[in-house]
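The values are calculated or read from the model by the stated rules, or taken from the named source; none is laboratory data. Please read these numbers as outputs of a predicted model, since none were measured by experiment. Neighbour counts are summed over all protein chains in view; Cβ atoms, including those assigned to glycine, are modelled from backbone coordinates with ideal geometry.
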Amino acid sequence: MFRLFCVSFISSSIFLVPHASAQTIPRDDEAKIDFFERKVRPIFASHCNNCHSANTNSKGGLRVDDRNGLTVGGNRGPAIVPGEPGKSLLVQAIRKTGSKLKMPPDHDLTEQEIADITTWIKNGAAWPKVRVPAAIGRPNPQYEKLRKEHWAWQPIDGTKWKSLAATQRDAQWARDDIDRLVLAQLQAKKIAPVNDADRATLIRRVTFDLTGLPPSPKKVADFVNDETASAFAKVVDRLLGSVAFAERWGRHWLDVARYGESTGSGRNLPYPHAWRYRDYVIDSFNADKPYDQFVREQIAGDLLPAKTAEQRDAQLIATGFLVLGVKDVNQRFKVRFIMDNVDEQIDTVTRAFLATSASCARCHDHKFDPIPTADYYALAGIFTSSDHCAGLRNKMGGGGLDYYDPSLLLTLTNVSVGVKSADPSLEARIAHARAEFEKAKAEFDKIFQKPAGKQLNADGKPKQMIARLAMTQKEKELLALTDPGSRGTVALGVRDAKVVGDTEIRIRGEAEKLGPTVPRGFLSLIHVPDVGKINPSQSGRLDLANWLASPKNPLTPRVMANRIWKHLFGQGIVSSMDNFGVTGDLPTNPELLDHLALRLMDNGWSVKKLIRAIVLSRTYQLGYDAPKEHLAIDPANTLHWRHSQRRLDAEEIRDAMLAVAEKLDRSRPVASPTAELKVIEMRNNGPEAKRIEDEAIKSNRRSVYLPLVRGLTPRPLEVFDFAEQGFVTGKRDTTIVAPQALYLLNDSFVRQQSQALAARLLKTPGAADTELIQLAYRLTLGREANGKEMERAKFFLGDVESRLRDETPTTKLDARTTAWGVFTQALLASAEFRYVR
Amino acid sequence: MFSSMSPLSRRQWLRTTAAGFGQVALAGMLAAQERRTTRDPQNPLAPRESHFPVKAKRIIFCFMEGAMSQLDTMEHKPTLQRSNLRTGPGGGVLTASKFRFAQHGQTGTWMSNLLPNMSRHVDKFCWLRGLHTDTPAHPQAVIQLHTGVANASLVRPSIGAWLLYGLGTENQDLPGYITVNPSPNFGGATNYGSAFLPAHYQGTRINDAGQMANLRSPISNSLQRRQLDLIQGMNRDFAGQPGASEQVDGVIQSFELAFRMQDRVPALLDISREPQAVQDMYGVRPGPQGSFARQCLMARRLSEAGVRFVEITQSGWDHHSNLHQGLINQTSMVDRPVAALLTDLERRGLLDDTLVLFGSEFGRMPTQQGPDGRDHNITGYPMILAGAGVKAGYSYGATDEVGTHAVEGRMHMTDLHATLLALMGLDHEQLTYRYGGRDFRLTDVAGRVVTEIIDS
């Protein structure tokens, strides 16, 4: 009805062709709109708007200040059926002919007003058309130029890197093409790489980088003493084969996936099944799932073939990626709820896989990158054709379970982890609850709208209202028993909607303002050959998945290769991790980036193989020394003449403390504390929040398994720049603030680990203090204490212990244990503990 | 604009080193007057040059969460009072206020008898009476008030974080942005978060008993000092090694600052150190009834110490029912403390450079809801400014004669943000942060500085 244009689809880019006859509004329509403006709109404005408009709370979900609002209607369904006043609820309401629906509630419209509204509906309910900006659909020559020229959107070049690497063919220093490509740049700047790292440094570095944990003193010693040529490769293969690797690298992906276990936003509702996605990610990295497959599963796992029921379940869980974002469930208008969620999906998908910010094009053509609004809505059509299954619906001012919609969950058939065992009496309880509900319903039906129902109860409320409440209560009890969500055999994710199809451009991004429809499709900023058109009988996610994961897509492998490099060197080759667009940073070494992207694909998209190649390069194994001349030429070390130090991530700091204290529980928890939550709004100071916080404090498991309700980030993660869960995070901040120092000095978690470490040391039989000090250094810093450090430590321990003997004891611990606890806490709080180099 | 931190030379670093809340060794050299235009990545909270002349150095925001009924407290509408039980424009039944209004001060400003103490300060007030916002629901409106976005599924930095990012902080030994007793819902931490701005710009939360996390040492002070000396000895050794990260110097500073904060901050938040007469003036008492009084007194102490942005919260204004008694209870908890805060700030000369903002996420309707309630109104409602930079005894904007729609001096939430930034010396169009390829602003693509209210 608002489609002013018809649309044709030409090759891979979209053009909107104005339809000649639709450009002028027929005179007849003008008269109808005039009638609406003069007669009808004023009635709405003076009698209805206070309860039913965008500016008010739109009672019953109905708004009358928008034509879609009337045709879609509120909770009772469409308020008007254009052309058919007899079928229009609005007419019934203002005529007050129905038994219940009478509007306005406190006075009547005049006969003339009712007649005007009726006439207006009969004549098609004319409404002023949305003005479509002329720029929509107009080709942009600047866009064409950018598509041809911007580096990131050009095909990956298989030759340039080879010729650059060939210039270093004879370099003795290089072990791998990675080294040759790095060396070529260093030579151009006339700087030489520094010496290799010593072995103790190297094993600490690689163990943290690959597993997020420190090496044990024994592993350090084994490596330092292993004189075989493959000593380091053995270490690397051991680490890559450990579950700890998947926990560390899975967490990197969870940053990108803006993983969170609740909606955040104005009403924070838990996602009790989100943890299944977390486990899926870790399992995928553990199995070294090819990255292209990993991409496909997260976009369209439900549409991919599956050999087994387990595989099918895993693929459904994978699509959780699309729905785990921040959501405003308190949104009044369903169409806005849908389009805001679609926007969140487009933003996440384009940033995560393509390092592209397509969401700018929601309201207008992208100002920098060649993403016209039409491209945005081509993608939007794919997501509007998919059900957003997060178990939630929108509602304003809901309470209790109002937001919960178990029909919007994906059913799993073959999971056992996190499933509550079937209660043998369940069948009987369901039967009982069903009978109770039927009984309550019968009682309600018997009196509803009858004199008996309108009689007032003792508390002044009508009897039918009491009966309705009783019925609703019984219904809830029945639902609680039959809801698969309460057994845990469900996942969050997406499925194709019953009706799939293209969607309209929304003018200025306003969900209600419909412009021309655009065919579903992909972004035109890159050309991906051999990818077919959207399958019209599906949502199009499968086609999108294939487009994203195509080896001909220049962005997907480059973006992932860059993410991998960043986690091993502290900075990406492109430092703007999630933005490869015009406003992003240029690659410091484009040949190296293309080489890595190709290598990722040539190795069957194996993430582990690429990581292995990189850490075995000589570049990765450089020392951390920083000669002045080098600093003068390249202070930020973008050329990789040394290995830059990095501060450990929040998870690494916490996990390392637990590990050295021998308190780390390496097992994976079953589910998450959030799995026990009802889908009811959480307050940060409520009992549910308290329980989640307590569980997080109590846990000795790896940090990746801590509950991650939005707004309730566990303290050890919060203080050290945990990922923002509101959007894709390719690179966390590294701030240095006083609360970190306060945490290290005063937090009970740190104190407990220090004391546990002290106890661990002191139980070593027959060891002298000097040996214990060495052990403490080896455990926490991965090295021996030097002479000065030894003297300082001995003096400190002696001094503190003697002072403690003079003080009145504040704890049950003896002075020696306390002194050692204070000492080990100093080690955990030291900068060296949380920096790797 | 400032998204990526460029590495510094070591010498440059040593000259300006500092961390977190502050600069330690060189605090004296960097007096409040000295402002710089370039951002030192190692000291992001150092005071910075403003875009405009600074009218206000700091803000205290008294947030009345839940939407205080303006029509029963501070918006006198004679037409509404005469139109009780008549049908209002746009539908609904008008309901006159049951509270008595009278004129106060030289300005003759009308206030209801619910706010007798605040009424004594009306000549200081700069009224914004034509505000409007986008969503008539608390969660979204509270988030919009704090972060500027109407779409609550977008996570954006809060206004305090933008102020710290733009201006740095005056007192390097304290957090520059403190929120006391913030809402546990309606966005929760989003309302004082930093979103894509680095974490050092986020608000520090304290409760209404003045407690902040990790401030209490588990061991004796002298023992902890010894422990700290050991840590710092190790840190200095580490920093002195060839190729050590420059960040380690920042770590060293952060420990010294933390140790001092442990001493200073609890003392600062301990309102029992105030003379009894001052505590009485605020109406300080234990329990929830005295929560806002304690918050007001804490706010004064924090502002006095140079905290850039302090927010204090009184919730419980959402009177869909029980409007009459509810307002009596609520105003009894805020009227006296707010008046005392203004008196106290004035006495200490702090009102000259401190701006007080008082108000809710939106207002309430002139029509009745149920027997004793009013529904939300986002189309016209007031807020009060007082103190630094704004015209005293001035009123800007107005709603229609019953108080439904703003008809004059209309100010969208975004205009309020633009104006607050301007008062603090920041141009809302220049205060940008590049994230994911785009320059973001608190005011997105809108916002008008309402220069009419600025005292020149």
Search result, residues across region A:507-556 that are in contact with a helix residue (DSSP H, G or I) (Cβ under 6 Å, 6 or more places away or on another chain), within 30 Å of A:W127 (Cβ to Cβ) and among the aliphatic types (A, V, I, L, M): A:A511, A:V518
Matching residues in region A:776-786 - criterion: being surrounded by fewer than 18 Cβ atoms within 10 Å (Cβ to Cβ) and away from chain B (no Cβ under 12 Å): A:E784
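Return the total of residues in region A:175-191 being acidic (D, E) and either in contact with a Ser or Thr (Cβ under 7 Å, 6 or more places away or on another chain) or free of Cβ contacts under 8 Å to residues at least 24 places away in the same chain (or both).
Of all residues in region A:175-191, those acidic (D, E) come to A:176-177, A:179.
Checking which are either in contact with a Ser or Thr (Cβ under 7 Å, 6 or more places away or on another chain) or free of Cβ contacts under 8 Å to residues at least 24 places away in the same chain (or both) leaves us with A:176, A:179.
Within region A:175-191, residues that are acidic (D, E) and either in contact with a Ser or Thr (Cβ under 7 Å, 6 or more places away or on another chain) or free of Cβ contacts under 8 Å to residues at least 24 places away in the same chain (or both) number 2.
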Residue count, region B:397-448 (criterion: under 19 Å from the mean Cα position of the chain (by Cα), away from chain A (no Cβ under 14 Å) and in a strand (DSSP E or B)): 1
Lone qualifier among A:A626, A:A656, A:A613, A:A632 - being more than 22 Å from A:R251 (Cα to Cα) and in a helix (DSSP H, G or I): A:A632
Residue in region B:218-239 that is over 27 Å from A:V800 (Cβ atoms) and within 7 Å of another protein chain (Cβ to nearest Cβ) present: no
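Does A:D283 qualify as being in a helix (DSSP H, G or I), farther than 30 Å from B:A137 by Cβ and either in contact (Cβ under 8 Å) with a residue 12 or more places away in the chain or within 14 Å of chain B (Cβ to nearest Cβ) (or both)? It would help to see each step written out before you state the result.
On the way: in a helix (DSSP H, G or I): yes; farther than 30 Å from B:A137 by Cβ: yes; either in contact (Cβ under 8 Å) with a residue 12 or more places away in the chain or within 14 Å of chain B (Cβ to nearest Cβ) (or both): yes.
Yes.
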Every residue from region A:402-436 that is more than 24 Å from the chain's Cα centre (by Cα), more than 13 Å from A:D483 (Cβ to Cβ) and of a type in the set (G, A, S): A:S416, A:S421, A:A422, A:S425, A:A428, A:A431, A:A435
Residue check for A:T97: assigned to a helix (DSSP H, G or I) and either in contact with a Leu (Cβ under 7 Å, 6 or more places away or on another chain) or among the polar types (S, T, N, Q) (or both): no
Total residues in region B:415-436, condition of a type in the set (V, I, T), within 30 Å of A:S576 (Cα to Cα) and crowded, with 23+ Cβ neighbours inside 10 Å: 0
Tally of residues being within 24 Å of B:L94 (Cβ to Cβ) and either more than 45 Å from the chain's Cα centre (by Cα) or outside the structural domain of A:G60 (by TED's automatic domain parsing) (or both) across region A:80-101: 2
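Within region A:241-258, which residues are assigned to a helix (DSSP H, G or I), touching a helix residue (DSSP H, G or I) at 6+ places or on another chain (Cβ under 8 Å) and closer than 22 Å to A:V559 by Cβ? Before you say what the answer is, go through the steps one by one.
Going through region A:241-258, the residues assigned to a helix (DSSP H, G or I) turn out to be A:243-256.
Filter once more, keeping what is touching a helix residue (DSSP H, G or I) at 6+ places or on another chain (Cβ under 8 Å): A:243-254, A:256.
Listed by number, the residues that qualify are A:F245, A:A246, A:R248, A:W249, A:G250, A:R251, A:H252, A:W253, A:L254, A:V256.
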All positions within region A:659-674 that are under 22 Å from A:N286 (Cβ atoms), touching a Leu at 6+ places or on another chain (Cβ under 7 Å) and part of a loop (DSSP other than H, G, I, E, B): A:L664
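Taking A:T729 as the residue in question, decide whether it is β-branched (V, I, T), assigned to a loop (DSSP other than H, G, I, E, B), free of Cβ contacts under 8 Å to residues at least 60 places away in the same chain and on the phi < 0 side of the Ramachandran plot.
On the way: β-branched (V, I, T): yes; assigned to a loop (DSSP other than H, G, I, E, B): yes; free of Cβ contacts under 8 Å to residues at least 60 places away in the same chain: no; on the phi < 0 side of the Ramachandran plot: yes.
Answer is no for this residue.
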Any hit, region A:269-276, residues being assigned to a helix (DSSP H, G or I) and at pLDDT 95 or above: yes
Scope region A:398-430; condition surrounded by 12 or more Cβ atoms within 10 Å (Cβ to Cβ) and without any contact (Cβ under 8 Å) to a residue 12 or more places away in the chain; matching residues: A:D402, A:D423
Failed item, numbered, when A:P133 is tested on (1) of a type outside the set (G, A, S); (2) over 35 Å from the mean Cα position of the chain (by Cα); (3) part of a loop (DSSP other than H, G, I, E, B): (2)
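Do we have A:T110 as more than 14 Å from chain B (Cβ to nearest Cβ) and over 30 Å from A:I505 (Cα atoms) here? Steps first, answer last, please.
Working: more than 14 Å from chain B (Cβ to nearest Cβ): no; over 30 Å from A:I505 (Cα atoms): yes.
Judged against the criteria, A:T110 is not a match.
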Of all residues making up region A:734-760, the number that are within 9 Å of chain B (Cβ to nearest Cβ), touching a residue at least 24 places away in the same chain (Cβ under 8 Å), more than 30 Å from A:V349 (Cα to Cα) and of a type in the set (V, I, T): 0
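Determine if region A:362-375 includes at least one residue that is more than 18 Å from the chain's Cα centre (by Cα), within 14 Å of another protein chain (Cβ to nearest Cβ) and assigned to a helix (DSSP H, G or I).
Filtering region A:362-375 down to residues more than 18 Å from the chain's Cα centre (by Cα) leaves A:362-375.
Retained after the next criterion (residues that are within 14 Å of another protein chain (Cβ to nearest Cβ)): A:362-371.
Right, trim to assigned to a helix (DSSP H, G or I) and you get A:362.
Looking for residues that are more than 18 Å from the chain's Cα centre (by Cα), within 14 Å of another protein chain (Cβ to nearest Cβ) and assigned to a helix (DSSP H, G or I), one finds at least one in region A:362-375, hence yes.
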Residues located in region B:174-212, provided they are free of Cβ contacts under 8 Å to residues at least 60 places away in the same chain, closer than 21 Å to A:N746 by Cβ and facing chain A (nearest Cβ under 7 Å): B:A199
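Considering only region B:283-305, I want to know if a residue exists there that is more than 14 Å from every other protein chain (Cβ to nearest Cβ), of a type in the set (V, I, T), surrounded by fewer than 19 Cβ atoms within 10 Å (Cβ to Cβ) and more than 20 Å from the chain's Cα centre (by Cα).
Keep residues of region B:283-305 that are more than 14 Å from every other protein chain (Cβ to nearest Cβ), which gives B:283-287, B:289-290, B:292-305.
Right, trim to of a type in the set (V, I, T) and you get B:284.
Among the residues that remain, those that are also surrounded by fewer than 19 Cβ atoms within 10 Å (Cβ to Cβ) are: none.
No.
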Pick from region A:97-156, criterion under 30 Å from A:G584 (Cβ atoms) and among the polar types (S, T, N, Q), ranking: surrounded by the fewest Cβ atoms within 10 Å (Cβ to Cβ): A:Q142
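Within region A:399-413, is there a residue that is in contact with a helix residue (DSSP H, G or I) (Cβ under 9 Å, 6 or more places away or on another chain), part of a loop (DSSP other than H, G, I, E, B) and over 22 Å from A:D328 (Cβ atoms)? Break it down into steps so the answer makes sense when it comes.
Keep residues of region A:399-413 that are in contact with a helix residue (DSSP H, G or I) (Cβ under 9 Å, 6 or more places away or on another chain), which gives A:400-401, A:404, A:406, A:409-413.
With part of a loop (DSSP other than H, G, I, E, B) added as a condition, the list becomes A:409, A:412-413.
Those still in the list that are over 22 Å from A:D328 (Cβ atoms) too: A:412-413.
Scanning region A:399-413, I find at least one residue that is in contact with a helix residue (DSSP H, G or I) (Cβ under 9 Å, 6 or more places away or on another chain), part of a loop (DSSP other than H, G, I, E, B) and over 22 Å from A:D328 (Cβ atoms), so the answer is yes.
Out of A:K731, A:K690, A:K663, I need the residue that is more than 8 Å from chain B (Cβ to nearest Cβ) and closer than 30 Å to B:V265 by Cα. Which one? Reasoning before the result, please.
On the way: A:K731 fails: closer than 30 Å to B:V265 by Cα; A:K663 fails: closer than 30 Å to B:V265 by Cα.
Exactly one of A:K731, A:K690, A:K663 is more than 8 Å from chain B (Cβ to nearest Cβ) and closer than 30 Å to B:V265 by Cα, namely A:K690.
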Filter result for the condition that a residue is touching a strand residue (DSSP E or B) at 6+ places or on another chain (Cβ under 7 Å) and either under 16 Å from A:A659 (Cβ atoms) or aliphatic (A, V, I, L, M) (or both), over A:V728, A:V836: A:V836
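Working carefully through the options A:N68, A:N75, A:N55, find the one that is modelled with pLDDT under 85 and within 13 Å of chain B (Cβ to nearest Cβ). Full working, then the answer.
On the way: A:N68 fails: within 13 Å of chain B (Cβ to nearest Cβ); A:N75 fails: within 13 Å of chain B (Cβ to nearest Cβ).
Every option except A:N55 fails the conditions.
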All positions within region B:341-383 that are closer than 12 Å to B:I60 by Cβ and out of contact with any helix residue (DSSP H, G or I) (no Cβ under 8 Å at 6 or more places or on another chain): B:D353
